[in-house]
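Visitor: So that we are looking at the same thing, I have put the structure below in structure tokens.
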Amino acid sequence: MATEVPYFTNAENGYVPAKLAHRSAASSQPLRLLRFVVNHVIPDTVKFLLQLIPLALSGLVGLVLPSKKKSIHGHTALVTGGANGLGRALCLRLAREGCQVAVVDIDLAGAQRTVEDVRALGVKAEAFLADIANYEAVERLRLEVESKLGPVDVLVNNAGLLAVLSLSEGKPADLERIVNVNLLSHFWTIRAFMPGMITRHRGHIVGIASIAAYFPVGRFIPYTVTKYAVRALMESLNSELRMDGLQNTIQTTCVYPALIATRQQFMDMLDKLNFLKRFYVFTPEQVAEQIIRGVLINKREVFVPSIMALFSKQFDLDEKLAILTPENVADSAIEGMLRGQVDVYAAPFFIRLFMYLSGILPHVLTSLLIQTIMGKVPTLMDRTKKNSRAD
Ligand SMILES: NC(=O)c1ccc[n+]([C@@H]2O[C@H](COP(=O)([O-])OP(=O)(O)OC[C@H]3O[C@@H](n4cnc5c(N)ncnc54)[C@H](O)[C@@H]3O)[C@@H](O)[C@H]2O)c1
């Protein structure tokens, strides 16, 4: 049976405007808000605080005891973009942990050089030529890697195009390529390799974003957009793993590095933009070291330098209380524009409060909060089962 894809397309006669039918026209907005607070906000807050107790206790223990390191010795790691720069350094660092390494790149000669250096460290390694922006190529890659090295346990989505392009620069095809390599490739590799991790009850997915995912800089607009999106992908993947009860089976780490000296061409470009005078540049080895240390203690986010974690959370509480209607959203947008605000959260107060909290709370608390509010959300698998029962 073909599963119906649940997204909302325009029907033949256009969109049907939504009516908030369940809300009685007679009840006033303050009364509705009061009911919402009494029925949802207060019970959910109490429930959330109660659920925090075991977490707080384990957090306190964690402060005193050093983080427990896991072993990835003997695991198979796959690194995209392993021919050069950070990817190459990651392959070598993973080899030092005892992983056998699949080095994937469109630059086969470079990948083979990495393979030779990895093998010199006494572990198995193979080079694979694949354009990870192409879904079919990634599916073929999975079969090839599995036949030569076995199933992948550690997936490192590293390959990316370091595009120094402003909004109006680059041809449409350049922008499509940047999005395909920097973002869609993560979807294809996760789709290809995660099911095997679930079946074998072990896996770690690493996504290389950039500090630009928290601090956007002009002159890198398409690049920055893709890195924000990688951050969103990794955070929502995490939430879904938790919803599916897989948080102890598959770990994720999203990495936010500052500048790394990888390609000379890129360094020259940064020099022209005066970036090199103002920012410290890390070596790929320094960054790879921080990433693998983070992976070994299942850190969800790795910032290089780590101090950036302190500055990475943004929030804005300066919003008026509103129940969401198209008019409210339009009002908020216009008001935000007039006030020169960079972000406008046009959402009910509780959601904005939640966004504020999610900005300052570690992810585990955020996920807990989502689960408190939403309850158990049916997984795609549950939905497919329900659909087939209905047939
Ligand atoms: N260099 C930096 O300053 C910096 C800073 C923050 C984040 N990053 C991120 O780190 C990652 C690695 O960057 P780097 O500086 O080592 O880049 P790099 O250009 O030195 O290496 C990237 C590698 O990916 C490969 N690659 C590109 N497209 C591919 C494709 N479609 N399929 C397979 N392989 C492909 C390239 O051939 C190359 O070997 C990127 O995601 C980048 O965005 C880099």
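The values are calculated or read from the model by the stated rules, or taken from the named source; none is laboratory data. Everything numeric here is computed off the predicted structure, so don't read it as measured data. Positions of Cβ are generated from backbone atoms using ideal geometry, with glycine treated the same way; all protein chains shown enter the neighbour counts.
Visitor: Quick check: is even one residue across segment 108-118 farther than 19 Å from residue 299 by Cα, touching a Cys at 6+ places or on another chain (Cβ under 6 Å) and in the same structural domain as residue 285 (by the TED database)?
Guide: Yes: one or more hits.
Visitor: Could you tell me whether segment 172-186 includes any residue that is more than 25 Å from residue 259 (Cβ to Cβ), more than 13 Å from the ligand (Cβ to nearest atom) and in contact with an Asp or Glu (Cβ under 7 Å, 6 or more places away or on another chain)?
Guide: no
Visitor: Can you give me the ranges of the strands (runs of 3 or more DSSP E) entirely in segment 69-163 with at least 1 residues that are touching a residue at least 40 places away in the same chain (Cβ under 8 Å), touching a strand residue (DSSP E or B) at 6+ places or on another chain (Cβ under 7 Å) and not aliphatic (A, V, I, L, M)?
Guide: 76-80, 100-105, 154-157
Visitor: If you don't mind, there's one more thing I want to ask. Looking only at segment 58-76, decide whether some residue is among the hydrophobic types (A, V, I, L, M, F, W, C), within 24 Å of residue 261 (Cα to Cα) and surrounded by 15 or more Cβ atoms within 10 Å (Cβ to Cβ).
Guide: No; the residues of segment 58-76 include none that is among the hydrophobic types (A, V, I, L, M, F, W, C), within 24 Å of residue 261 (Cα to Cα) and surrounded by 15 or more Cβ atoms within 10 Å (Cβ to Cβ).
Visitor: Here's something else I'd like to know. Check segment 174-181 and report whether any residue there is of a type in the set (Asp, Glu), part of a helix (DSSP H, G or I), on the phi < 0 side of the Ramachandran plot and buried (at least 16 other Cβ atoms within 10 Å of the Cβ).
Guide: Checking segment 174-181: not a single residue is of a type in the set (Asp, Glu), part of a helix (DSSP H, G or I), on the phi < 0 side of the Ramachandran plot and buried (at least 16 other Cβ atoms within 10 Å of the Cβ).
Visitor: Filter segment 148-171 down to residues that are near the ligand (Cβ under 10 Å from one of its atoms) and modelled with pLDDT under 95 and give me whichever is surrounded by the most Cβ atoms within 10 Å (Cβ to Cβ).
Guide: The selected residue is 163.
Visitor: OK, next. List pairs: first in segment 206-218 and in the same structural domain as residue 269 (by the TED database), second more than 7 Å from the ligand (Cβ to nearest atom) and basic (Lys, Arg), Cβ under 7 Å, 6+ apart or cross-chain?
Guide: Final answer for the pair search is 209/231; 213/231.
Visitor: Then there is this: Taking segment 192-218 on its own, how many of its residues are surrounded by fewer than 21 Cβ atoms within 10 Å (Cβ to Cβ), assigned to a helix (DSSP H, G or I) and within 16 Å of the ligand (Cβ to nearest atom)?
Guide: The number of residues fulfilling the criteria is 1.
Visitor: Looking at segment 129-147, is at least one residue under 30 Å from residue 269 (Cβ atoms), touching a helix residue (DSSP H, G or I) at 6+ places or on another chain (Cβ under 6 Å) and of a type in the set (Val, Ile, Thr)?
Guide: Yes, that holds for at least one residue.
Visitor: Restricting to segment 219-261, what's the tally of residues that are in contact (Cβ under 8 Å) with a residue 40 or more places away in the chain, among the polar types (S, T, N, Q) and in a helix (DSSP H, G or I)?
Guide: Final tally of qualifying residues: 3.
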